[in-house]
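Read through the structure below, which is laid out as structure tokens, and then see the notes.
Any read-out appearing in this document is the output of simple, stated calculations on the displayed coordinates, not a laboratory observation. From a predicted model like this one, the values you see are computed outputs, not experimental measurements. Here the Cβ is made from the backbone with ideal geometry for all residues, glycine too, and neighbour counts use every protein chain on show.
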Ligand SMILES: NC(=O)c1ccc[n+]([C@@H]2O[C@H](COP(=O)([O-])OP(=O)(O)OC[C@H]3O[C@@H](n4cnc5c(N)ncnc54)[C@H](O)[C@@H]3O)[C@@H](O)[C@H]2O)c1
């Protein structure tokens, strides 16, 4: 994967998520933002519009449709187990938890 532009998706658009979005969007030679996800419609709509990417209310749907190489989870550890569950068998998916 060296040299490739990584496709990244972000789950959780509360306090931390949009900070990561700004960083990812600013590193265009390294990353391409392919989707954002939050179960709160107002956060989802605002960030999808601001960063010009598809927004998803469900993480599983985003993984299926956006097919990211890497997912940044900016949710609480309690919510992560639910979000991450069922995809641990996917070798292409790297999960990173901010602040945990
Ligand atoms: N806020 C900070 O300054 C800070 C600093 C360091 C670390 N952290 C860590 O970062 C993580 C996120 O913190 P935060 O302050 O952004 O939290 P937050 O509560 O503001 O945001 C979390 C967002 O995730 C969404 N969410 C939760 N479960 C979801 C799911 N299953 N699918 C889709 N969306 C879901 C919520 O709707 C919410 O918008 C936490 O683990 C926290 O400990 C936060």
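The table for this structure:
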item	result
Convex hull of region 15-73 built on C-alpha atoms - directionally averaged projected area, nm²	3.7
Cβ-Cβ FRET estimate between residue 46 and residue 76, R0 fixed at 25 Å, reported to 0.05	0.80
Chain lengthening between residue 22 and residue 64 when straightened (0.36 nm per residue, less Cα-Cα)	12.7 nm
